[in-house]
1. Conditions: (1) more than 30 Å from N121 (Cβ to Cβ); (2) surrounded by fewer than 16 Cβ atoms within 10 Å (Cβ to Cβ); (3) at pLDDT below 95; (4) within 35 Å of the chain's Cα centre (by Cα). I43 meets all but one. Number of the miss?
2. Give the range 203-237 a look and list any residue that's surrounded by fewer than 12 Cβ atoms within 10 Å (Cβ to Cβ) and assigned to a helix (DSSP H, G or I), or say none.
3. Do we have I15 as under 28 Å from the mean Cα position of the chain (by Cα) and crowded, with 16+ Cβ neighbours inside 10 Å here?
4. Cβ-Cβ under 9 Å, sequence separation 6+ or interchain: first residue in the range 6-26 and free of Cβ contacts under 8 Å to residues at least 24 places away in the same chain, partner of a type in the set (V, I, T) and part of a helix (DSSP H, G or I). Which pairs?
5. In the range 152-185, what residues are in a helix (DSSP H, G or I), open to solvent by 50 Å² or more (accessible area, probe 1.4 Å) and of a type in the set (V, I, T)?
6. From the list T184, T191, exactly one residue is out of contact with any Cys (no Cβ under 9 Å at 6 or more places or on another chain), farther than 22 Å from G144 by Cβ and touching a residue at least 60 places away in the same chain (Cβ under 8 Å). Which is it?
7. Where residues in the range 186-200 are under 25 Å from L226 (Cβ atoms) and open to solvent by 100 Å² or more (accessible area, probe 1.4 Å), which of them is farthest from the chain's Cα centre (by Cα)?
8. I'm told P123 meets every condition in (1) surrounded by 10 or more Cβ atoms within 10 Å (Cβ to Cβ); (2) within 30 Å of G208 (Cβ to Cβ); (3) out of contact with any Asp or Glu (no Cβ under 9 Å at 6 or more places or on another chain) except one. Can you identify the failing condition by its number?
Amino acid sequence: MLDIRYIKEKPDEVIARLAKKGKDAKEEIGQILELDVKRRDLIRATEDIKAEQNKTNKLIPQYKKEGKDVAPLFAEMKAMSNKTKEIDEKLKEVEAKQTDIMLGLPNLPDTDLLPGGKENNQPLRYWGEPRKFDFEPKAHWDIGQELGILDPETAAKVTGTRFHFYKGAGARLERSVINYYLNTHTEHGYTEVFPPFLVNRASMTGTGQLPKFEEDAFKTTDDLFLIPTAEVPVTNMFRDDILDGNELPYKFA
């Protein structure tokens with residue numbers, strides 16, 4: 001989630017940078033700033049009432065000492081207490097609405113990002129040379145089907161289009177690629193992690209999946225969510241923790 005202080009200090013910059021990603025955030029930024037004014041007004045009102053409560057509370061011993069009726073003071077204290085509760089409820093509503101809008105905003109892109117879609121993407125650097133063939137190369141799914149190691153037709157019957165059954169050497173190849181990836185990374189200082197595939201709402205929110213993608217997520221009856229990627233549980237291993245910068249980076253695969 002974007003930093004509210006950054007939004008307040010540089011709203012035009014936030015709008016301009018999000019526009020590069022094709023996101024028109026003028027309305028959302030305006031709502032966030034408007035809600036922030038309301039939030040601060042409500043907090044100020046609560047603080048003013050609490051100051052009055054303190055003054056009134058200090059009068060009670062004095063009234064008792066002078067033999068005055070303290071009932072009006074208690075009535076005033078109760079009225080102020082009820083008013084504070086009313087303001088607190090409004091404050092919770094305002095903060096919840098502001099947070100919900102902010103959670104829906106994308107991360108800010110780098111300032112050097114070109115506006116537009118992927119057609120404007122520019123490579124920063126190259127490694128090696130693209131392979132050139134003296135024949136028309138085939139897609140891997142066509143080669144796999146011809147070799148009998150990928151079976152898209154059966155997968156389409158079982159699941160739908162764009163899925164495969166990996167069979168025989170295809171299944172072993174998939175398993176080998178996974179092992180090669182994990183072994184290579186652990187040899188270079190990464191710690192292998194096998195995370196849970198279900199996470200709670202806080203974990204999904206912490207990685208930006210909620211509330212934006214809740215309708216597309218798979219959820220259990222006890223409010224757990226099937227993870228879209230391992231990024232969600234692995235990132236949340238450190239949620240609410242303060243890390244020692246001298247120990248960074250942590251590397252997981």
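1. Condition not satisfied by I43: (3).
2. Passing the criteria: E215, D216.
3. On the way: under 28 Å from the mean Cα position of the chain (by Cα): yes; crowded, with 16+ Cβ neighbours inside 10 Å: yes.
So I15 passes the test.
4. As it stands, the answer is Y6/V14; P11/I29; P11/I32; D12/I29; I15/I29; D24/I15; K26/I15, since those pairs meet every condition given.
5. Within the range 152-185, V158, V177, I178 meet the criteria.
6. Values: T184 fails: touching a residue at least 60 places away in the same chain (Cβ under 8 Å).
Result: T191 is the single residue among T184, T191 that is out of contact with any Cys (no Cβ under 9 Å at 6 or more places or on another chain), farther than 22 Å from G144 by Cβ and touching a residue at least 60 places away in the same chain (Cβ under 8 Å).
7. Applying the first criterion (under 25 Å from L226 (Cβ atoms)) to the range 186-200 yields 190-200.
Then keep just the ones that are open to solvent by 100 Å² or more (accessible area, probe 1.4 Å); that gives 192, 194, 197.
Numbers: E192: 24, F194: 22, F197: 17 Å.
Filtering first and then ranking leaves E192.
8. It fails just one condition, (1).
The values are calculated or read from the model by the stated rules, or taken from the named source; none is laboratory data. Remember, predicted model here, so these are calculated numbers, not experimental data. A quick note on method: Cβ atoms are made from the backbone with ideal geometry, for glycine too, and the neighbour counts reach across all protein chains shown. Keep in mind that these areas ignore ligands, DNA and RNA; they rest on the heavy atoms of the full protein, side chains included. Shrake-Rupley method; radii C 1.70, N 1.55, O 1.52, S 1.80 Å.
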